[in-house]
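A short write-up of the structure that comes next.
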C-alpha cells in the first residue's frame, strides 16, 4: 500500500501542467448598416440589386464585380499554396461577381441548394483549406442563368490559427467572414429581374 501511495505522490508531484491557451474566437462585427445601400441596375441583362456603399462596383466583359480591400501585408490572402506569391500590401476581404448566361447552366457538382429572395438555385465550393470560390447558379426568366461567384478568403476563415485571424480582424474596416456571408445574403435577397 505504501508503494502505491508513494507512486501516486511522485506522479502528482512530477505532472507537468499544460499552460492555458486562449481559444476564444475573436469578436466580429456582424451588424450591417442598411441605410447606406446603393442600387445597381444592369439594363443590358435586365437585373438590379442593392449593395453596401463600402463595396466598390466595376463591370468588365459582361461581368459585374463587388470588391472591398483593406491595407494588410499578405501573400495571396493566405492562399499561397506553392510559396511563390508576391507580397501584397492590401487584402481583398470581399470579392463577388455576377454574370448572366443565355442558357441553363449548372455547377459541375452540387454542394447544396441556396435560396434568397426570388433566387432559388444550387451552389458548389471549388477550392481547399479555406481558399477558393463559392459558385451559385440561379435559373432566371428567359431560359437564363445567373451565376454568382464569391471568393473565400483563407485569412478570414477558421482554417487559420486564432492568432492570425485576430490580427486580420483587428484591421479597421475589414469585412469578416461572418459579415461577408450576411452581405452576400443581403445582396441576393435584393436581386430583381427588370426585363
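Tell me, yes or no, whether the range 133-154 has at least one residue that is touching a strand residue (DSSP E or B) at 6+ places or on another chain (Cβ under 7 Å), more than 16 Å from residue 51 (Cβ to Cβ) and part of a helix (DSSP H, G or I). Yes: one or more hits. Given the structure, is residue 173 outside any strand (DSSP E or B) and either touching a helix residue (DSSP H, G or I) at 6+ places or on another chain (Cβ under 8 Å) or farther than 20 Å from residue 88 by Cβ (or both)? Against the criterion (outside any strand (DSSP E or B) and either touching a helix residue (DSSP H, G or I) at 6+ places or on another chain (Cβ under 8 Å) or farther than 20 Å from residue 88 by Cβ (or both)), residue 173 does not qualify. Kindly indicate whether residue 168 is touching a helix residue (DSSP H, G or I) at 6+ places or on another chain (Cβ under 7 Å), crowded, with 19+ Cβ neighbours inside 10 Å and assigned to a loop (DSSP other than H, G, I, E, B). So residue 168 fails the test.
Taken over the range 59-95, the residue count meeting the criterion of being touching a residue at least 24 places away in the same chain (Cβ under 8 Å), within 17 Å of residue 131 (Cβ to Cβ) and loosely packed, with under 13 Cβ neighbours inside 10 Å is 1. Residues that are surrounded by fewer than 16 Cβ atoms within 10 Å (Cβ to Cβ) and either part of a loop (DSSP other than H, G, I, E, B) or at pLDDT below 95 (or both) within the range 38-58 comprise 43, 44, 53, 54, listed in sequence order.
Residues in the range 176-195 that are part of a helix (DSSP H, G or I) and out of contact with any strand residue (DSSP E or B) (no Cβ under 7 Å at 6 or more places or on another chain): 6 in all.
Of all the residues in the range 63-84, those that are more than 24 Å from residue 186 (Cβ to Cβ) and not in a strand (DSSP E or B) number 9.
The values are calculated or read from the model by the stated rules, or taken from the named source; none is laboratory data. Just so it is clear, the model here is predicted, and its values are computed rather than measured. Glycine also receives a Cβ, built like all others from the backbone with ideal geometry; neighbour counts cover every protein chain displayed.
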